[in-house]
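Reading through the structure tokens given below for one structure.
The values are calculated or read from the model by the stated rules, or taken from the named source; none is laboratory data. Values in this document were obtained by computation on a predicted structure and should not be read as measured data. Note that each Cβ is placed from the backbone with ideal geometry, even for glycine, and that neighbours are counted across all protein chains shown. For the accessible areas, the whole protein counts, side chains as well, though only heavy atoms, and no ligand, DNA or RNA atoms are used. Shrake-Rupley method; radii C 1.70, N 1.55, O 1.52, S 1.80 Å.
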Amino acid sequence: MTHKGGNKIEVNKKKGIKNQDVNVQDKRGDKRGKAQAYDEILIGNVFREPYSKIENNLSRIGIKKLSRVLDEMQTMNARLRPLFSLRHDPKYKIDQLPLFISKDEFEFLKKGIEQRVNAFNKFLHDVYNGTQDIVPQDLIKSSPYYFPECENLVLPKHISIFMYAPDLLHIGENEFLIFDENIKLPSGLGFAIRANELRSQYLPEIMDGIDILDFDFTKIADSLCKLTYHPHRKTKLSVVLSDGFRSLGYHDNRYFAHHLGIQFAEPRDLRLDMDGTVMLKTVECEKEVDVVIRRVSDPDLYVPGISQSYVNRKVNVLNSLSASILDDKALYQYLDEIVSVYSGTEPMLRTLETYSIESRDIRQKLISEIKSYIIRKRESGIWMRAGNDLSDEEIKVMSNELTAEPEIYVMQRAPSPSIHRNIDMEQITNLSIPKPRKVSKSKNEIKEDLEMKRLSLIANAELIENEPDGNLISTTRVLIRPYAFYIDGKIETLPIGLVKCTSGSTFGSIFDCTLKEMLVLK
Amino acid sequence: MLYKADDVTTFTYSYKVVKSSNVLHKTPISAPNQKLIKYTLRTDPEGFKTNYKDRFGNPTVKFDVLEPHKKLEIVAESILDRNYPKLIIDMSKDYPGLDINNSNAVLDILDKLSCRYPQNYAPWLGEYLERSKLVEINSVTRNIAKALVRESGRNTFSVVRNIMAWTNDLIGYEKGQTNIDTTSNEVLRIRFGVCQDYAHIMIAICRSAGIPARYVQGYLVGEGETHAWVEVYYPGIGWVEYDPTYNIIVGINHIKVACGRDYSDAAPIVGKFIGKGSSTMCNHVKVVKLE
């Protein structure tokens with residue numbers, strides 16, 4: 001079978017290793033290697049469509065108001081952070097400059113995501129019924145996310161993936177690459193909603209003259225209730241299972257549940273009945289739960305025995321436990337093939353080139369070119385090292401580790417995320433504070449200074465007049481995370497998404513990033 | 001020779017636990033000189049099992065118990081036919097009168113044979129020449145290897161024999177000094193250990209000398225626990241088994257269950273569970289001759 005883009009691929013079923021001919025130059029790889037990263041805001045020196053309006057709106061608002069409003073928003077946002085968390089310093093911030101996606105691109109994205117999720121749902125059904133032959137059986141069964149107990153389990157409407165939120169690299173017009181699948185825990189929708197709320201509450205002027213698609217969450221809860229094992233029950237109850245208020249994701253989960261109209265539950269709110277039915281404790285009585293949306297990777301840790309109930313078809317858990325196998329990064333090299341086989345057409349969204357390094361030849365070749373690759377662990381979603389960031393000594397240590405345990409790592413071609421801008425909140429709020437060396441200026445003079453200043457989205461210092469202290473706008477690299485749900489029998493993508501910003505060459509968890517919202521133009 | 005091997009592993013937990021998930025290497029390998037005739041794996045509670053071959057070709061069972069349990073019992077029973085390795089059978093034909101049960105006599109004859117590794121020979125052997133999780137290769141092991149090679153001449157067979165004898169001399173057999181995470185480096189320092197540590201040291205020195213070697217886990221007739229030894233690869237011959245704990249070349253008394261780069265690849269059982277309290281493991285192996 002030949003792969004799109006010229007890569008030769010032979011599947012060696014016995015060894016479970018995919019022999020990829022690394023020497024063959026990939027067209028996409030070539031393009032990304034030489035061409036500049038995609039700029040979301042500018043084409044050359046001209047603004048893309050809505051951003052000139054944003055620029056005008058920003059200058060109308062003025063630095064003076066902006067500095068005040070951003071300060072207020074920062075405080076409001078800080079109040080909603082978890083007070084007690086296991087990690088000491090959740091650094092995430094919400095940035096107010098949204099990322100816009102044109103309608104054409106959104107339609108493309110929508111079709112791509114629908115094609116992908118439908119293919120995955122069929123594939124997962126076949127994996128647990130032993131009828132797929134794309135991925136070697138030994139690789140599937142040796143995966144830490146393969147659950148033998150789910151074999152031959154028939155899910156309601158064969159839906160394993162109810163919510164899908166992949167991390168996308170925007171590499172060109174109508175060109176996206178999948179960086180991460182996020183099947184297990186598609187998080188962050190709460191933050192996107194929160195960013196949207198904050199913006200419309202404090203800074204509605206920024207969107208003057210820009211029409212965006214509206215979104216409607218109401219249908220999601222309805223279609224969720226149809227995915228129950230007990231269609232005869234009069235009232236159907238679905239809950240979002242969070243891991244408690246000490247979790248960093250608590251507010252994300254709470255916002256998510258609140259906006260989707262689904263009951264929010266902490267582990268202590270759920271209990272297992274003698275026959276395995278999951279009960280929700282409420283002030284009136286205990287209610288039978290039909291569907292649990294898990295926001296924890298292993299729900300058994302929080303409600304012991306819930307996976308037994310899931311296997312016994314007492315309760316449905318979404319995204320289903322069996323779907324986690326797609327988060328095993330060793331499977332990433334097969335995903336494009338899975339999509340093309342199960343959908344019958346070429347995949348619209350492709351996966352970032354991934355290589356298993358179990359074969360010694362491939363490993364040595366990739367280690368010698370480690371600067372243009374990133375290293376990721378098969379099991380972990382967050383752990384990531386960019387070869388480019390490593391010093392010579394670190395590369396030595398890393399290649400020793402890769403040699404010692406090649407089966408737990410995969411290597412991917414270093415991604416080239418698209419470029420966007422952040423409003424530097426600290427710089428702007430600092431502007432309103434008189435600085436020691438400007439003490440000679442009177443308060444009125446400082447106010448006038450602020451009124452004179454203008455924010456420009458072209459993030460070069462020379463465009464910000466008389467500003468010696470640095471840029472008010474900083475460049476950033478972004479990953480786009482759209483959200484798709486199973487609604488009324490088909491997969492629908494919401495016209496709101498989350499954007500992860502980073503200044504380095506790797507992406508960590510969303511809790512360590514600056515976040516912004518993705519919006520779709522009408 | 002027909003053998004019956006019973007392997008009983010019992011986990012006892014101080015409190016009830018749920019969702020214990022285990023990976024077992026307890027199915028004897030089917031090799032040219034070892035044929036598996038019958039195999040049963042019983043577990044109590046029964047749980048969900050799936051079979052596959054891991055990347056070293058070992059038959060592996062992944063096995064999950066979701067329900068609450070306080071005790072987990074795993075009983076693996078196998079009947080198998082184990083023969084002498086092909087190398088030893090060939091030698092007995094070439095040298096009539098050789099006592100193939102006498103390890104020293106066999107090794108003496110091996111010393112007379114010659115074997116060379118051509119350059120860039122069989123790249124798939126690469127991982128058995130590099131360091132792995134528990135087997136470290138460093139200047140210390142390289143120096144030891146260099147000295148042992150110098151001592152035993154250019155013949156690979158006598159180098160390996162020398163390495164085995166040196167390992168057997170160096171380490172004293174004592175339980176409790178090491179655990180399953182002890183690396184070869186630490187064993188070199190403390191010089192005490194069990195069969196697993198003997199194997200790790202021999203593998204480390206072999207690899208430092210440029211000889212591909214791997215770890216084998218299995219049963220030994222007359223021993224109540226699982227045993228570990230080493231396989232060394234010779235071009236044109238294949239894998240040859242050595243037991244550094246007893247300083248012998250392996251005949252028919254060893255039953256091969258799993259192999260890998262070191263203990264962590266071929267561990268008999270690896271698992272986790274959800275629950276508080278501690279667990280205690282008890283393993284008992286009984287191998288009897290049926291003929």
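Assorted remarks:
- At least 1 residues being closer than 25 Å to B:E225 by Cα is the threshold, and among the helices (runs of 4 or more DSSP H) wholly inside the range B:104-197 those reaching it are B:156-170, B:184-190.
- Filter pass, A:I338 being in contact with a helix residue (DSSP H, G or I) (Cβ under 6 Å, 6 or more places away or on another chain), crowded, with 16+ Cβ neighbours inside 10 Å and either of a type in the set (A, V, I, L, M, F, W, C) or free of Cβ contacts under 8 Å to residues at least 12 places away in the same chain (or both): yes
- Considering the conditions (1) within 14 Å of another protein chain (Cβ to nearest Cβ); (2) in contact (Cβ under 8 Å) with a residue 60 or more places away in the chain; (3) aromatic (F, W, Y); (4) more than 19 Å from B:Y263 (Cα to Cα), B:Y117 is excluded by exactly one of them, (1).
- If you go through the range A:230-246 and keep only what is crowded, with 19+ Cβ neighbours inside 10 Å and of a type in the set (S, T, N, Q), you end up with A:S238, A:S242.
- Filtered residues of the range A:43-71 (kept if closer than 13 Å to A:D95 by Cα and open to solvent by 60 Å² or more (accessible area, probe 1.4 Å)): A:D71
- The strands (runs of 3 or more DSSP E) found wholly in the range B:208-256 and carrying at least 1 residues that are open to solvent by less than 10 Å² (accessible area, probe 1.4 Å), more than 16 Å from B:N162 (Cβ to Cβ) and β-branched (V, I, T) occupy B:213-220.
- Per-region count, the range B:76-92, residues under 18 Å from the mean Cα position of the chain (by Cα) and not in a strand (DSSP E or B): 3
- Positions within the range A:130-145 being open to solvent by less than 50 Å² (accessible area, probe 1.4 Å) and within 7 Å of another protein chain (Cβ to nearest Cβ), in sequence order: A:D138, A:K141, A:S142
- Subset of the range B:48-75 that is farther than 21 Å from A:P304 by Cα, in a strand (DSSP E or B) and among the hydrophobic types (A, V, I, L, M, F, W, C) - its residue that is nearest to the other protein chains (Cβ to nearest Cβ): B:V61
- Of residues in the range A:277-314 being assigned to a loop (DSSP other than H, G, I, E, B) and within 17 Å of A:K236 (Cα to Cα), the one farthest from the other protein chains (Cβ to nearest Cβ): A:E284
- Test: B:A105 is farther than 30 Å from B:M281 by Cα, within 14 Å of chain A (Cβ to nearest Cβ), out of contact with any helix residue (DSSP H, G or I) (no Cβ under 9 Å at 6 or more places or on another chain) and open to solvent by less than 80 Å² (accessible area, probe 1.4 Å): no
- The number of residues in the range A:197-229 that are out of contact with any Pro (no Cβ under 8 Å at 6 or more places or on another chain) and either among the basic types (K, R) or open to solvent by 30 Å² or more (accessible area, probe 1.4 Å) (or both) comes to 14.
- Boolean, B:W124 is more than 14 Å from chain A (Cβ to nearest Cβ) and either among the aromatic types (F, W, Y) or crowded, with 21+ Cβ neighbours inside 10 Å (or both): no
- Scoring A:D126 on the criteria (1) of a type in the set (D, E, K, R); (2) over 26 Å from the mean Cα position of the chain (by Cα); (3) open to solvent by 50 Å² or more (accessible area, probe 1.4 Å); (4) more than 14 Å from every other protein chain (Cβ to nearest Cβ) leaves a single failure, condition (3).
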